[in-house]
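Note sheet for the following structure.
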Amino acid sequence: MSGVEVLVRENTAIKVTKFDGKRLPFEDKSYDFTMLVDVLHHTDDPAGLIRECVRVSRQFILIKDHLCESWWDRVRLRFMDWVGNRGYDVYLPYNYLSQKSWNKLYQIGGVVCEAKVTKLNLYSYPFSLIFDSNLHFIAKLVIPEFR
C-alpha cells in the first residue's frame with residue numbers, strides 16, 4: 001500500500017510519494033486497485049486522473065467524492081471545501097459534478113460503475129442536516145478487461 005499526494009505532509013501513516021497531479025508515479029497495472037478519496041473535485045482534469053488510475057490498476061477504482069445537483073449543493077460543498085482545506089495550500093477549483101457528469105466521466109475514463117453508496121452518514125446531528133444529505137458518494141469503478 002502506498003499513497004500519492006501533490007502536497008506531501010509529514011508523519012503519514014503510509015508511504016506517500018510526491019505526485020505532479022497528472023501522471024501517477026507507478027508502472028502499468030502495478031496495483032490491484034486504486035482509491036481516490038475527495039480528490040477529483042480538486043483537479044481540473046478528473047478524466048485524465050481516472051485514466052491514470054485505470055493505467056496503474058488491474059481490477060477497479062474506488063472513488064469517494066461529491067455530488068452537486070443544485071446551487072444549494074454547490075454553496076454547501078464550497079463552504080466545506082474551504083473550511084477543510086484553507087490552511088493547507090490545497091488547490092480549490094470547486095470542480096463538483098452532477099450524477100450526469102460523473103456518468104459521462106466514467107465513460108470517458110473507460111470504466112463501468114459497478115456499485116455506488118450515497119448514504120454515508122459522515123456527520124453527527126445537527127451538522128448532518130446540512131452536510132450529509134445527498135452530497136457524498138462512494139463508487140466502485142470496474143476496469144472492463146477485469147470483468
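Since every read-out is calculated from the coordinates, none of them should be taken as a lab result. In this text, all values refer to a predicted model and were calculated from it rather than measured experimentally. Here the Cβ is made from the backbone with ideal geometry for all residues, glycine too, and neighbour counts use every protein chain on show.
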For K64, list the lysines whose Cα falls under 16 Å from its own Cα; do not include residues on the same chain fewer than 8 positions away. K116, K119, K140
Of the candidates D44, D89, D81, which one comes out as most mobile in a Gaussian network treatment of the chain with C-alpha springs shorter than 10 Å? D89
The range 38-117 and the range 122-141: distance between their alpha carbon centers, rounded to Å: 15
Computed label-point distance, nm, for sites N85 and L120 using a 7 Å Cα→Cβ extension: 1.3
Value in Å of the Kirkwood radius, where the chain supplies the Cα pairs that are averaged: 16.2
Expressed in nanometres to one decimal, the distance between label points 7 Å along Cα→Cβ at V6 and R55 is 1.7
Sequence ranges 46-52, 32-38, ranked by mean other-Cβ count within 10 angstrom, highest first: 46-52, 32-38
Residues of the range 43-69 with amide N under 15 Å of the 7 Å Cα→Cβ point at E145: 51-61
Structure-based [θ]222 nm, the chain - -39500 (n - 2.57) summed over DSSP H runs of at least 4, per residue, nearest 500: -8500 deg cm²/dmol
What nm distance separates the two modelled labels at Q99 and L129, each placed 7 Å from Cα along Cα→Cβ? 2.5
If you wrap a convex hull around the alpha carbons of the range 1-71, what volume per residue comes out, as a whole number of Å³? 107
